[in-house]
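The values are calculated or read from the model by the stated rules, or taken from the named source; none is laboratory data. Only a predicted model underlies this, so the values are computations on that prediction, with no experimental measurement involved. Here the Cβ positions follow ideal geometry from the backbone for every residue, glycine too, while neighbour counts run over all protein chains shown.
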């Protein structure tokens, strides 16, 4: 097994994971518990949410970590070779090696799925979870509800299907391995008990991860401190100034003095 270590390459800091993958990251020192940002499918750590959280962490003196999964951004590897298990391993490796004590995980879209897996499987490292348009089990939802019979046949025959995207001029490669591996990581088809504060932020105008997904997730999680905030007219990017302000306010609330009372709430915000 390869030991985890840091090294510098092209002015970027990398961690070599136990699986031998080279993960680019940026770490801001500060008070614990820290915050770890988990990006979305084919996004990277230079996005507006990741950068805004770093500015907030620096201003508040809070420890903060952002990174790129393998095949994403500045990390090594080919995107088409990755799957949920790989990216979960990447996240677990950086959290284990680069943070001290339990962390607040902030997962955007696919990052929300990975954050849920980590909170379920390594609870000793998780102090709380914020999901931004969290997309648990999205690979199965694509297969069951979004792919046509022709899409499925092409994927089964070629092993990859190139899906058009609203976020890039290039279509996204969806591999058969991604779909099959996703089935080994589903969180909505079995118990999901999280004994940490969970905050779900969701835009009502999100067409990629509809609000119904957040409602299903809120109902599925077993815990004593869960809240869903719906933001009217916010889309999947959830990156307007008002949405980013809501995100940092949510973190400030989670990291501030806490009351022991349990809650399961649904809120409606006009932040966007």
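For the structure I just gave you, tell me whether residue 2 is assigned to a loop (DSSP other than H, G, I, E, B), modelled with pLDDT under 95 and over 25 Å from residue 211 (Cα atoms). So residue 2 fits the description; yes.
Checked against the criterion of being under 17 Å from the mean Cα position of the chain (by Cα), closer than 30 Å to residue 78 by Cα and either at pLDDT below 95 or assigned to a strand (DSSP E or B) (or both), the candidates 208, 166, 170 yield just one match: 208.
Residues that are assigned to a loop (DSSP other than H, G, I, E, B) and at pLDDT 95 or above were ranked within the stretch 5-18; the one that is nearest to residue 256 (Cα to Cα) is 17. Listed here are the strands (runs of 3 or more DSSP E) enclosed by the stretch 35-140 that have at least 3 residues being closer than 30 Å to residue 219 by Cβ and either modelled with pLDDT of 95 or more or touching a strand residue (DSSP E or B) at 6+ places or on another chain (Cβ under 9 Å) (or both): 103-108, 126-132. Can you name the residue in the stretch 119-144 that is touching a residue at least 60 places away in the same chain (Cβ under 8 Å) and closer than 13 Å to residue 95 by Cβ and, of all such residues, is surrounded by the most Cβ atoms within 10 Å (Cβ to Cβ)? By that ranking, first place goes to 129.
Of everything in the stretch 180-191 that's modelled with pLDDT of 95 or more and closer than 29 Å to residue 127 by Cβ, which residue is surrounded by the fewest Cβ atoms within 10 Å (Cβ to Cβ)? Here the answer is 184. Pairing residues of the stretch 47-70 that are farther than 21 Å from residue 87 by Cα with residues that are assigned to a helix (DSSP H, G or I), at Cβ distances under 6 Å and at least 6 apart in sequence or on separate chains, gives 52/244; 56/248.
Of all residues in the stretch 160-176, those satisfying the criterion of being surrounded by 12 or more Cβ atoms within 10 Å (Cβ to Cβ) and in contact with a strand residue (DSSP E or B) (Cβ under 9 Å, 6 or more places away or on another chain) are 160, 161, 162, 163, 165, 172, 173, 174, 175, 176. The condition (being in a strand (DSSP E or B) and at pLDDT 95 or above) is satisfied by just one residue among 177, 227: 227.
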